[in-house]
1. Among the numbered criteria (1) within 23 Å of Ile5 (Cβ to Cβ); (2) of a type outside the set (S, T, N, Q); (3) in a helix (DSSP H, G or I), which single criterion is violated by His43?
2. Output the residue which, of all residues in the stretch 342-355 that are hydrophobic (A, V, I, L, M, F, W, C) and under 33 Å from the mean Cα position of the chain (by Cα), is surrounded by the most Cβ atoms within 10 Å (Cβ to Cβ).
3. Using beta carbons and a limit of 9 Å, which pairs, at least six apart or on different chains, have the first residue in the stretch 356-379 and assigned to a helix (DSSP H, G or I) and the second one of a type in the set (Lys, Arg)?
4. Please verify whether the stretch 404-420 includes one or more residues that are touching a strand residue (DSSP E or B) at 6+ places or on another chain (Cβ under 7 Å), modelled with pLDDT of 80 or more and surrounded by 15 or more Cβ atoms within 10 Å (Cβ to Cβ).
5. Among (1) at pLDDT below 90; (2) in contact with a Ser or Thr (Cβ under 6 Å, 6 or more places away or on another chain); (3) not hydrophobic (A, V, I, L, M, F, W, C), which single condition is Gln359 missing?
6. Considering only the stretch 9-49, how many residues are over 13 Å from Phe281 (Cα atoms) and buried (at least 19 other Cβ atoms within 10 Å of the Cβ)?
7. Among the numbered criteria (1) in contact (Cβ under 8 Å) with a residue 12 or more places away in the chain; (2) out of contact with any Phe, Trp or Tyr (no Cβ under 8 Å at 6 or more places or on another chain), which one does Ala301 miss?
8. Looking at this structure, is Ala252 assigned by TED's automatic domain parsing to the domain that holds Ser343, of a type outside the set (Asp, Glu) and in contact with a Ser or Thr (Cβ under 7 Å, 6 or more places away or on another chain)?
Amino acid sequence: MHDLILTFTGGLGAAVLLGFISHRMGLSPIVGYLLAGIVVSPHTPGFVADRHLAEQMAHIGVILLMFGVGLHFHFKELLAVKRIAVPGAVVQSAVATILSMLIMRAFGWSWTEGAVFGMAIAVASTVVLTRILVDNNHLHTPTGHIAIGWLVVEDIFTVFVLVLLPAIFGGDANAGGGGIAMALVWTTLKIGALIAFTFIVGGWAIPRLLTLVARTGSRELFTLTILVLALGIAVGSAKFFGVSMELGAFLAGMVVGRSEFSNRAAIDALPMKDAFAVLFFVSVGMLFDLKSFLDNPWLAAATLAIVVIGKPLAAIAITIALRYPLRTALSVGAVLSQIGEFSFIVATLGMQYGVVNEQAFNALVATAILSITLSPLLYKAVGPVERWVAARPALWKLLNRVEIKDNGDGEPESDGFTRRALVVGYGPVGRTLARLLKDNGFSPVIVEMNVDTVQGLKSSGERAFYGDASHPETLKSAGAAKADILILSASSVSMGREVIIEAKRLNPSIKVLVRTSYLREADELLDAGADEVFSGEGEVALSMTESVLRGFGATAEQLDRENERVRREFFPHHEPAVR
């Protein structure tokens, strides 16, 4: 336990410091996380973290990360990108493997060793890819969907590699061609069974389980349930179906993502995934041995060239050939120009069977560190490269073979209404507002924390999201970036100020109307960016004043005058905006 705490604290502490320094230098914090791993590794003086503990914690982070990706990656999106994800992943993997075989042959390796090493560096890192897409707000865009779909296909390909290595090099009866064919068929059946089981059985049981837990009102119990589902299905996928835990976690996330619990699961249950994911980078840095690297730097240089030049060019070529825009091709190529966790798994298994030596493994580690460092920089260069090509009409016509409108935000097209409204809370006020808005040409979207209410709205064809509006992901998913108006209709919205600030950040032009119970909250809400605040106390005072005056024969002009005076007394600083 003492080693666990020291490793967790020391690794994250070094990551915070060096990540901050990297960020201030204009680099990705990932660079700092990798350097932190080198600092706490046994190859440098000072504090030494437990590498095996760090790897285990990092594995938890990867599982939670894949579960989180699955939450927002629906099956229809996977099918939508199959035209490019399947051939793209196959072609890119083949190119990486063939290049490795040719180059490593020049270093005196056998063709077989080059092939295994090539399959190890063919697959990109889940953690790095999603981190780059999230940092650039592209995870839920068409480009992000293509990249994630591509990655899923690569992961499935890696599962087959992990099955074939023992079949080929295990030295048993399965070494023959018949044994390899049976291994392939058996693995395909197990992957198909896992997908069917997850979506049929899990699709029926998981939403019902989460509904029961959500009705308890316990946030802790809901969080625990999500963690058990993510980790349990991941472990079950490996134990009973023989596939990677990451693939199982991704499928589990897709099932939860099909329910109304996707936003709350991402917000409440997975905040710790980032901390564990950082440990992945730290654990990679801990593997680096400078002395071994200096013994044969050209091997690492050749490997790096395959990863950051060969793989991206293959991805760009196949994407352009399939008539996708140049920006999409460049983005996919850049985000896949790195290696990570699966590469180490394949290489470690290869070492067990004697087809990957220690020198090659260290070259792979060095390549991982350098490619993970360079990949975010390459992704940021996509825009300038596209503009450079666009300035040359002949080259642009050759490379950009189709024009696809992509606004880059992943928002669905308008459903025919010209104005969009986001209504937080579906009590009596929210219901009335939603009905009136719909009757007057708005397309209302409801955000509500009552799971039964959300399920009822969805069953009747209304657009509704289950989640806490104070969290950015909920507002993004509900479409705040495209909404014309946001209405906080509940009398006391949790963290109303934060909701307003985040909504204005996503959409500076959005109009915000807020209902609150107490006058003392009005100034804070207006300062946060609310356009109008409706206070229960103020409305009661105004209504009672009007009733008293009308009962004593006051004229309409007198009523208006007294109403204005009461408003000024109640709301001296924001009287035009508070009611």
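1. (3)
2. Filtering first and then ranking leaves Phe342.
3. Pro376/Arg131
4. yes
5. So Gln359 meets the others, but not (2).
6. 3
7. (1)
8. yes
The values are calculated or read from the model by the stated rules, or taken from the named source; none is laboratory data. Keep in mind that this is a model prediction, so the values were computed, not measured. Virtual Cβ from ideal backbone geometry, glycine too; neighbours counted across all protein chains shown.
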